[in-house]
Ligand SMILES: C[S@@+](CC[C@H](N)C(=O)[O-])C[C@H]1O[C@@H](n2cnc3c(N)ncnc32)[C@H](O)[C@@H]1O
């Protein structure tokens with residue numbers, strides 16, 4: 001817990017500048033916000049409450065734990081220079097993720113002998129990293145859980161991650177979570193209009209549903225996952241972010257849940273690139289006329305047109321007319337294979 005300043009959104013910029021100038025803003029922590037339009041700023045130990053109150057009389061002081069900002073890659077490179085060769089550092093850094101206070105590395109086999117030294121170096125330099133883990137196998141087929149080995153730090157793989165202005169409780173041992181699609185989640189969230197009914201198939205711990213609710217509070221979202229732990233975390237995340245009136249987390253296989261729910265949606269998000277092709281027909285049955293399907297898939301280099309044709313063929317078979325409104329590349333998956341999202345408008 002650290003001392004924070006809760007200030008009305010319209011005064012936040014002014015307060016930030018004042019605190020920065022005085023050296024009282026703790027820049028290592030993420031800013032917080034509340035649904036009633038307050039911004040929460042972390043204060044350093046030297047902050048003088050009386051001087052702050054004088055300048056911002058309506059601001060309040062609270063003890064809160066705001067998450068720490070992730071480390072910068074450039075710094076991590078510097079840090080590993082004494083341990084690894086330059087080429088080895090580049091290889092390692094390509095596949096490095098920070099989820100909450102857990103740092104996840106993908107250490108190539110030949111560098112495994114250095115794993116403890118790498119882990120200790122990271123922990124020493126970034127005090128807010130409490131766990132350093134490495135990938136130790138391939139993701140499971142359906143639940144998409146990544147086997148991880150803790151190299152050093154606390155013996156846990158659960159944490160709270162912050163992205164797109166929401167808090168996400170995750171447990172990497174029991175449910176899928178990856179911060180890599182956070183930008184794409186934000187893009188989709190910005191497209192949601194007032195009063196839309198949105199379905200997130202394969203919703204996991206609910207990062208997409210939460211990003212949408214944060215960006216468009218006047219909509220309804222259903223997020224479905226068959227993993228009990230992912231569903232439990234999704235329900236908890238909806239509660240801690242206070243979106244119970246907007247988001248409904250549902251447990252089960254989308255193939256069973258959708259017929260029972262018997263709703264049509266203005267927008268369907270499909271964030272499961274490994275298996276999405278098997279569910280496109282289902283999504284086409286449950287999307288409203290004029291609705292959009294965000295279809296995430298892996299595409300080999302040079303095969304975007306072929307992928308479009310495949311989507312059109314499935315739509316034709318399902319008896320729906322579609323138009324591909326947008327095609328976006330959002331990261332690579334394997335050599336010569338990229339992650340794409342196709343925004344499919346259904347007539
Ligand atoms: C790639 S993960 C995506 C999770 C989440 N959207 C995210 O980005 O964090 C795929 C998720 O789909 C779930 N899943 C797999 N098959 C499913 C099905 N038939 N119905 C519902 N959920 C399913 C898995 O449990 C897993 O959480």
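What the table below lists for this structure:
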| item | result |
| --- | --- |
| Strands (runs of 3 or more DSSP E) fully within region 1-112 counting 3 or more residues that are surrounded by 15 or more Cβ atoms within 10 Å (Cβ to Cβ) and in contact with a strand residue (DSSP E or B) (Cβ under 9 Å, 6 or more places away or on another chain) | 2-8, 38-42, 96-99, 102-105 |
| Residues of region 264-280 satisfying the condition of being assigned to a loop (DSSP other than H, G, I, E, B), near the ligand (Cβ under 9 Å from one of its atoms) and touching a strand residue (DSSP E or B) at 6+ places or on another chain (Cβ under 9 Å) | 271, 272, 273, 274 |
| Output for region 278-302, where each listed residue is surrounded by fewer than 16 Cβ atoms within 10 Å (Cβ to Cβ) and either modelled with pLDDT under 95 or farther than 14 Å from residue 324 by Cα (or both) | 278, 281, 285, 288, 289, 300, 301, 302 |
| Residue within region 124-135 that is closer than 25 Å to residue 274 by Cα, within 16 Å of the ligand (Cβ to nearest atom) and in contact with a strand residue (DSSP E or B) (Cβ under 8 Å, 6 or more places away or on another chain) present | yes |
| Pairs with Cβ under 7 Å, 6+ apart, first in region 8-21 and over 17 Å from residue 44 (Cα atoms), second surrounded by 12 or more Cβ atoms within 10 Å (Cβ to Cβ) | 8/38; 9/38; 9/39; 11/56 |
| Candidates 289, 283, filtered to the one that is away from the ligand (no atom under 16 Å from the Cβ) and over 26 Å from residue 37 (Cβ atoms) | 289 |
| Single condition residue 232 does not satisfy, out of (1) out of contact with any helix residue (DSSP H, G or I) (no Cβ under 7 Å at 6 or more places or on another chain); (2) buried (at least 24 other Cβ atoms within 10 Å of the Cβ) | (2) |
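The values are calculated or read from the model by the stated rules, or taken from the named source; none is laboratory data. Predicted model only: the values in this text are computed from it and were never measured. Here Cβ is always computed from backbone atoms with ideal geometry, including for glycine, and neighbour counts include all displayed protein chains.
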